[in-house]
Number of protein chains: 4
Amino acid sequence: MSVRPGTVVSTWTMDCFAGRVRSTSDLVSEVCDPRFLNPQTGPFYVEGAEPGDTLAVHFRSITPREAQGVSTTVPLFGSLTATHFTAMLHEPLPERTWVYAIDTAAGVVRYDALDSPYQVDLPLDPMHGTVGVAPALGEVRSSLTPGDWGGNMDTPEMRAGTTCYLGVNVEGAMFSLGDGHARQGEGETCGVAVECAMDTVLVLDLIKGAPPTPWPRLEDDVFIMTTGSARPLEDAFRIAHSELVRWVCELTGLSSMDAYQLVSQTALTPVANVVDTSYTVVAKMAKTYLKGATVMSGMHGRLREP
Amino acid sequence: MSVRPGTVVSTWTMDCFAGRVRSTSDLVSEVCDPRFLNPQTGPFYVEGAEPGDTLAVHFRSITPREAQGVSTTVPLFGSLTATHFTAMLHEPLPERTWVYAIDTAAGVVRYDALDSPYQVDLPLDPMHGTVGVAPALGEVRSSLTPGDWGGNMDTPEMRAGTTCYLGVNVEGAMFSLGDGHARQGEGETCGVAVECAMDTVLVLDLIKGAPPTPWPRLEDDVFIMTTGSARPLEDAFRIAHSELVRWVCELTGLSSMDAYQLVSQTALTPVANVVDTSYTVVAKMAKTYLKGATVMSGMHGRLREP
Amino acid sequence: MSVRPGTVVSTWTMDCFAGRVRSTSDLVSEVCDPRFLNPQTGPFYVEGAEPGDTLAVHFRSITPREAQGVSTTVPLFGSLTATHFTAMLHEPLPERTWVYAIDTAAGVVRYDALDSPYQVDLPLDPMHGTVGVAPALGEVRSSLTPGDWGGNMDTPEMRAGTTCYLGVNVEGAMFSLGDGHARQGEGETCGVAVECAMDTVLVLDLIKGAPPTPWPRLEDDVFIMTTGSARPLEDAFRIAHSELVRWVCELTGLSSMDAYQLVSQTALTPVANVVDTSYTVVAKMAKTYLKGATVMSGMHGRLREP
Amino acid sequence: MSVRPGTVVSTWTMDCFAGRVRSTSDLVSEVCDPRFLNPQTGPFYVEGAEPGDTLAVHFRSITPREAQGVSTTVPLFGSLTATHFTAMLHEPLPERTWVYAIDTAAGVVRYDALDSPYQVDLPLDPMHGTVGVAPALGEVRSSLTPGDWGGNMDTPEMRAGTTCYLGVNVEGAMFSLGDGHARQGEGETCGVAVECAMDTVLVLDLIKGAPPTPWPRLEDDVFIMTTGSARPLEDAFRIAHSELVRWVCELTGLSSMDAYQLVSQTALTPVANVVDTSYTVVAKMAKTYLKGATVMSGMHGRLREP
């Protein structure tokens, strides 16, 4: 599908299991085909997008399509288990499925324990785990992987009200999204959030003639944010923080060492995921410290709802 | 100095440079002796403390002693530079010193760039970078290192209003603290916060006969928090999150897999430091999700100011 | 090109710079296009190869095509420098090119220093850095990356006399190779070996109906070898060693704990590369400890030259 | 005990379990006190040793004192298991003990499987896992930890015929050694080698007025070797290789970039341990490439037996 810059797109996404996990008795290893995990909506061909441009994606709304979401454990996947990469001699942890009732009106999702009657309501906070463009160098990457093209970053910051900036690698950018989460903890510890299909309204726009965007950046009304996706986790941190230093230099005219200092005293650093093939860290700085600098040509202010 | 459990202690700490860095022309490598970096106040011998007990340290107030703080870069130290461990062939980054005016009444510290006239006020948010007890196994560790005994964790969560829980390894616990920061970003990117001497009021108390505290834990009015200190950074994450899973099990009676799931959807995970000899990650869960469970015998509620 | 199992293939490969670096004044960043680095020969479609099979690749001979090879530094690439992933604020290290005279008859390559008259002959030990099949899950990966499909593992063990076993992911396996090295140190420290075009004779064969080969394995007359490619480097170690434990179990009938013990006392563990997008570690065990077990249906013995 | 430089010392060391593990039914967690694991022989006060000097330790002979050695698994310790740092939700792997018959005359140790009748002889190759001096900065470190003072490096290179060079941090150096291994694989995968008490003859000597030795170095008749101990494992690699580059510069007069290149093509990089609190990597270069440079004032040649 081809879209013009500035277009408002109303779309929807399947959940990461393509809808195959419906009840606590559905186990991922039994009902899902690993080749078709995390289906994406797209790609959208953005007219006029060329390598070196920056694609802006502003999320107007992200709304669960159904009254339930699911989370699971998956054998040899997650941050507190041996995995195919952190290879060990342990048996996999038990495979389980949790079902969350989603009450969109009340703004809550209900956690329901499997082994005891414990129930507790958690705030609904819908987001997309996977948001990206086509990678560089002709690669085709699994939607389970995050990188400099975006992809499966799994940060709760990717919520309605946020604008995501992605560097364009190929003509048309080839934007796609998916992996809706009704909510997610920072780190996505067990590897799976509260997964659900989403109705999403977003605006796609294009920034041309500006410095390139080497790693995905985000902006909301309060913060600018950078991301880094790599292993080990300190490299994800290093990418996010060096990108924040670089961006602050561009926005304020500060020298590199002065920006390093300012970032050191002001950055917030929420971990995004420690489970995917690369781990993701977000670095955030309040825009008040930028003293009125114009971020990305003022794109966020134009795309956000009035 | 020997203190009885329940005692309110009014003390003070030197800054991490022992007061030797006073102006932008003072460079750490010229004015400091590496053997005497990060001096601590203590140790305090806590009467009755025995291995297996948990020491509770509640911070009533942490107040800068002077009207200025300093930050610096230090050759081969920090997260965006080659170091003695992440050894590379680069020359060290430039060594610089920044001086911050601290206005305690207004609650701000003033960032003042070195290479351009940029100035901006940041919120004052005083904390202690180094809080700990004597390590186990007869080790004597540098105050530059964090670990399961606490030490140089460098988390901004260690502020007034927070209670820190430390497992006791030796008779008397041998508590010490230092490394006051007027404020600090998450990650302490360049390796040095806004360093200053502090006047600190704290209460020390003892929890006996409860499950041990293998890694430092924190509690404030809203959150329980765990910490992990290790390299690579994902191991610090794994420690903090597995400790949070374990603690939630203790507090709620949830099974391990159910607690893993609840933590996965609710944890906040701010990075503490990615610069010290071990890196530190904090995992936080709102106490509302614990449904009224009593944390550490209600210690935080008793020690906080009425 | 389509080949039948058992076929002897005589082929050649370009060097990793596609021949564009010829003298000490040719710098990679000036003469090479990053999209066309590390060109491969292939893919070869192996008749009858299906997912789950194992492809055997025996190297009969690997011979430099020319009388010189080159090595270089590349900005922000290598193990003792900041990189795009281990992101730092340093300027890149200097970009340099070294030219090695190759004397195939004498079996030496000549190191010639750039900044002083130091010269020394090193043993010629030709190998292929990149050997692989098509990845699983429909991915298309850069030839700069190693993984469970093989690829840019950069181990000096991939020399004439060695058989490489690769798990087949797609019909026909789609085998390719390239990145010839006249020799290479373990770790490929600066990121670039003594690069040269190669004339290579190899035999391709197929193992069906045996346990799958989840990560590339190698065999020569003395050793069985496993590989792991991941970051951080300990995960590459964990993969290689857990694969060796698993393989020893298959070959000897030892229990998992007994094989873990035997591997612990007998494995050699040469690092392959600490520079590529994933790092590679090799684990080796002498076949004498296997007490005559038949490895991969005796494939190596059949494919090696009599 | 005080020794003069040049003294030949005949001593002995206990095994790492202080002799408490004697049969396959002795489990470490039942028979050992963690506070007394890995007892060392020493410290030896070396007369005249001052900070900045280098201590040379040449091993004349290392001989098992008894006809058996033991190896074990230890709960939450080892490279293919969750640990206290790589914290996970798995149950610990089974705890087991293997007993090896040592035949010093035949030069073999006999591996005897626990769960099947598999037996195989392995070459005897005695070494010391722990060799070190007192750390800097007033620290007291557990003998389970390696670092720039040496300590529990667990490299098979520490065998008879090797000279180990250690930078002196305190007056008298305070040398100690222990943790004898009848043999060990590279990586010490399960965390425990073939442990035994040793009779050891060594020579201690002192190098004054030379460049300092920031990390332990080794030399045998063929190779110079550097070590790095850190986490993640790539940092241990980076330390070892940057130390090798630095040492080659000192020995040959090559520029830093030229030495980086020579190391890249010639280094061997056997992993030492991936189990201790820091991991250790060794980098080796054949002395023939040094073109006759004199290493450490010719110390190795003087200390080795004629």
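Sort A:ILE239, B:ILE102 so that the residue with the fewest other Cβ atoms within 10 Å of its own Cβ comes first and the one with the most comes last.
By the 10 Å Cβ count, ascending: B:ILE102, A:ILE239.
Between the stretch B:209-276 and the stretch D:261-306, what's the alpha-carbon centroid distance in Å?
The stretch B:209-276 and the stretch D:261-306 have Cα centres spaced 42 Å from each other.
Can you tell me how chain C classifies by the Cα gyration tensor, rounded, prolate or oblate, using a/c under 1.5 as the rounded cut?
Prolate, because a/c is 1.5 or more and a/b exceeds b/c.
Using only the alpha carbons of the stretch C:44-112, determine the length spanned along each of the three principal axes and report them from longest to shortest in whole angstroms.
Projected onto its principal axes, the Cα set of the stretch C:44-112 covers 51, 39, 16 Å.
Taking a label point 7 Å from Cα toward Cβ, how far is A:SER29 from its twins in the other copies, in nm, shortest first?
In ascending order, 2.4, 4.8, 5.4 nm.
Just how large is the dipole of the stretch A:2-303 about the Cα centre, in debye to the nearest 20, putting +1 at every Lys and Arg Cβ and -1 at every Asp and Glu Cβ?
580
For the residue pair A:THR7 and C:ASP103, what label-to-label distance in nm results when each label sits 7 Å from Cα along the Cα-to-beta-carbon direction?
With each label placed 7 Å out from Cα toward Cβ, I get 6.7 nm.
For the stretch A:2-303, what does the relative contact order come out to in percent, with C-alpha contacts under 8 Å and a separation of six or more?
24
Net charge near A:PRO126, counting Lys/Arg +1 and Asp/Glu -1 over other residues with Cβ under 10 Å of its Cβ?
0
Can you bin the stretch A:152-286 into rounded, prolate or oblate? Criterion: square roots of the alpha carbon gyration tensor eigenvalues sorted a ≥ b ≥ c, rounded for a/c under 1.5, prolate for a/b above b/c, oblate for the rest.
The shape class here is oblate.
Place +1 on the Cβ of every Lys and Arg and -1 on the Cβ of every Asp and Glu in the stretch D:193-306, take the dipole about the Cα centre, and give the residue among D:SER255, D:ALA197, D:GLY292 whose Cα lies farthest towards its positive end.
D:SER255
State whether the protein assembly as shown is rounded, prolate or oblate according to the following rule on the C-alpha gyration tensor (a ≥ b ≥ c being the square roots of its eigenvalues): a/c under 1.5 gives rounded; otherwise a/b larger than b/c gives prolate, and the remaining case gives oblate.
rounded
Residue farthest toward the positive end of the dipole of the stretch B:2-303, with Cβ of Lys/Arg at +1 and Asp/Glu at -1: which of B:CYS32, B:GLY209, B:VAL168?
The residue sitting most towards the positive pole is B:GLY209.
What is the fewest-to-most order of B:THR86, A:THR104 by other Cβ atoms lying within 10 Å of their Cβ?
Ordered from fewest to most neighbouring Cβ atoms within 10 Å, B:THR86, A:THR104 come out as A:THR104, B:THR86.
Rounded to the nearest 20 debye, what is the charge dipole size of the protein assembly as shown about its Cα centre when +1 sits on each Lys and Arg Cβ and -1 on each Asp and Glu Cβ?
0
Compute the label-point distances linking D:THR294 to its equivalents in the other copies; points lie 7 Å from Cα along Cα→Cβ; give nm, one decimal, shortest first.
6.1, 6.9, 7.6
What is the packing order of peptides D:68-74, A:109-115, taking the mean over residues of other C-beta atoms within 10 Å and listing the highest first?
Per-residue Cβ counts within 10 Å, averaged per peptide and sorted highest first, yield D:68-74, A:109-115.
From the phi of every residue in the stretch C:125-132, what ³J(HN,Hα) in whole Hz does the Karplus formula 6.51 cos²θ - 1.76 cosθ + 1.60 yield, where θ is phi - 60° and glycine or proline is x?
These are the phi-based 3J(HN,Hα) values: 8, x, 7, 10, x, 10, 9, x Hz.
With angles folded into 0 to 90 degrees, how steeply does helix C:256-266 sit against the dominant principal axis of chain C? Use alpha carbons for both and round to 10.
The answer is roughly 40 degrees.
If one takes the longest principal axis of the Cα atoms in chain B, at what angle in degrees, from 0 to 90 and to the nearest 10, does the Cα axis of helix B:233-252 lie?
30
What is the local net charge at C:LEU114, summed over the other residues whose Cβ is closer than 12 Å to its Cβ (Lys, Arg +1; Asp, Glu -1)?
Residues near C:LEU114 contribute -3 overall.
When you look at the Cβ of every residue in D:269-277, what mean number of other chain Cβ atoms sits within 10 Å?
5
Taking each residue of D:248-257 in turn, how many C-beta atoms of other protein chains fall within 10 Å of its C-beta, and what is the average?
4
How many angstrom lie between the C-alpha centres of the stretch D:49-113 and the stretch A:159-194?
47
What number, rounded to the nearest 500 deg cm²/dmol, is the helix-based mean residue ellipticity at 222 nm of chain C, given -39500 (n - 2.57) per DSSP H run of at least four residues and division by all its residues?
-4000 deg cm²/dmol
Need one value for D:76-82: mean number of C-beta atoms belonging to other chains within 10 Å of its residues' C-beta atoms.
6
Can you list the trypsin sites (Lys or Arg not before Pro) in the stretch A:223-291 that are in a DSSP coil and have 16 or fewer other beta carbons within 10 angstrom?
Hits after loop and neighbour filter: A:LYS291.
Each value in this text was obtained by applying a stated rule to the coordinates, not by laboratory testing. Note that this is a predicted model, so its numbers are computed, not measured. We place every Cβ from the backbone using ideal geometry, glycine too, and count neighbours over all the protein chains shown.
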